[in-house]
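The next block holds one structure in the form of structure tokens; read it before the comments.
The values are calculated or read from the model by the stated rules, or taken from the named source; none is laboratory data. Source: prediction; values computed, not measured. Note that we place each Cβ from the backbone using ideal geometry, even for glycine, and neighbour counts take in every protein chain shown.
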Amino acid sequence: MLVLSMLMSIHKNAKIIGDYDRNRIYLHSDKIIGNINSCLGFIKKDKYYICNTSLNEDIRKITDNHRKIICILSKKIQEKQYNEITYINKKYIDDIYESKEILEKISKEKREEIIGLR
């Protein structure tokens, strides 16, 4: 319960993603996202990841290959392109702008927003 309010905004405050290191017997997750105070675990089901746990834990202690998140985009499931930027690490704006793979998935309005942040 201590981290519930933070986890409800995980799309805005997650800073790190990594592979679960499998160091706990009763926790079965594939990916972990979060920060140094709280994190969410996900299991892969078909081509999607489904949340299966929440933890009051420093993500760096329970993941291998953890990396900084550079950008979080969101959209409604029926939409083709992402239309909301919920988090962006300003240090990587140039990398995002230069990534054709990312830009193809973002709506024109959001592309212009990213360019404006440069």
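Within region 45-64, can one find any residue that is exposed (fewer than 13 other Cβ atoms within 10 Å of the Cβ), in contact (Cβ under 8 Å) with a residue 24 or more places away in the chain and not acidic (Asp, Glu)? No, there is no match, as no residue in region 45-64 is exposed (fewer than 13 other Cβ atoms within 10 Å of the Cβ), in contact (Cβ under 8 Å) with a residue 24 or more places away in the chain and not acidic (Asp, Glu).
Take LYS12 and tell me if it is within 23 Å of ILE85 (Cβ to Cβ) and not aromatic (Phe, Trp, Tyr).
Numbers: within 23 Å of ILE85 (Cβ to Cβ): yes; not aromatic (Phe, Trp, Tyr): yes.
Yes.
When region 17-44 is filtered for residues that are hydrophobic (A, V, I, L, M, F, W, C), in contact with a strand residue (DSSP E or B) (Cβ under 6 Å, 6 or more places away or on another chain) and surrounded by fewer than 16 Cβ atoms within 10 Å (Cβ to Cβ), only ILE43 remains. What do you reckon, is LYS12 in contact with a strand residue (DSSP E or B) (Cβ under 8 Å, 6 or more places away or on another chain) and buried (at least 17 other Cβ atoms within 10 Å of the Cβ)? No, not satisfied.
Among ILE93, ILE106, which is the only one that is among the β-branched types (Val, Ile, Thr), surrounded by 13 or more Cβ atoms within 10 Å (Cβ to Cβ) and over 21 Å from ILE16 (Cα atoms)?
ILE106
What are the residue pairs meeting all of these: first residue in region 1-26, first residue assigned by TED's automatic domain parsing to the domain that holds THR63, second residue part of a loop (DSSP other than H, G, I, E, B) and among the acidic types (Asp, Glu), Cβ atoms under 8 Å, and 6 or more apart or on different chains? The qualifying pairs are ASP19/ASP30; TYR20/ASP30. Of the numbered criteria (1) β-branched (Val, Ile, Thr); (2) touching a residue at least 60 places away in the same chain (Cβ under 8 Å); (3) farther than 17 Å from ILE32 by Cβ, the one ILE72 fails is (3).
In the set (1) part of a loop (DSSP other than H, G, I, E, B); (2) of a type outside the set (Ser, Thr, Tyr); (3) touching a Leu at 6+ places or on another chain (Cβ under 8 Å), the condition left unmet by ILE36 is number (3).
Restricting attention to region 32-49 and to residues that are over 17 Å from LEU4 (Cβ atoms) and among the hydroxyl-bearing types (Ser, Thr, Tyr), the residue that is modelled with the lowest pLDDT turns out to be TYR48.
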